[in-house]
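Values quoted throughout were computed directly from the atomic coordinates according to the rules given, and no laboratory measurement underlies them. Values in this document were obtained by computation on a predicted structure and should not be read as measured data. Methodologically, a virtual Cβ is constructed for each residue, glycine included, from the backbone with ideal geometry; neighbour enumeration extends over all protein chains shown.
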Amino acid sequence: MSSKFKYLFIAIIATGLMFCLANLGSAFEEKPASIQVVVSGLGNPLEHAEVTCGEDSATTGKNGVATFQVTKGAYTLTASGPHGGEGSKEVRVNPGEIVQVTFELGAGALHASGGH
């Protein structure tokens, strides 16, 4: 009877070892970083601002925010308001990091009526 338990024990250990080895690669994968770009004009969030992060681009929503998922590294960010105004900044991110970058584009980014 003890030899049956011995084989069962070995089978359980072998299964656990195979599971660990199969998942070993994911333990060393770098988590993506997130860059949140906030674009405003005179403190007001700018909807429809064009934002680039390296080769990627996005348009801000009503809250004036565009978000990019990136890998570790340095990135050039640019922002252009829907009615003018632009800016550029450099940012460096590490794995799993969340970085917020703010562009204040001034009065030139606002619509002539004063709204956004």
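What is the ratio of the Cα radius of gyration of region 41-116 to 2.2 N^0.38 Å, where N is its residue count, to two decimals? Present the calculation step by step, with values, prior to reporting the outcome.
Details: Rg = 12.8 Å, N = 76, 2.2 N^0.38 = 11.4 Å.
So region 41-116 has a normalised radius of gyration of 1.12.
Residues with amide H under 5 Å of residue 101's amide H, sequence separation 5 or more or different chain, H placed in the peptide plane at 1.01 Å from N; which?
Sorted by chain and number, the residues that satisfy this are 36, 37, 38.
What list of ³J(HN,Hα) couplings, whole Hz, do you get for region 29-43 from phi and the Karplus terms 6.51, -1.76, 1.60, once you set θ to phi - 60° and write x for glycine and proline?
Ordered by residue, 3J(HN,Hα) equals 6, 7, 6, x, 9, 10, 10, 9, 9, 10, 10, 9, x, 6, x Hz.
At a 10 Å Cβ-Cβ cut-off, how would you order 17, 42, fewest neighbours first? Each step should come with its number before you reach the end.
Values: 17 10, 42 14.
Ascending number of Cβ neighbours within 10 Å: 17, 42.
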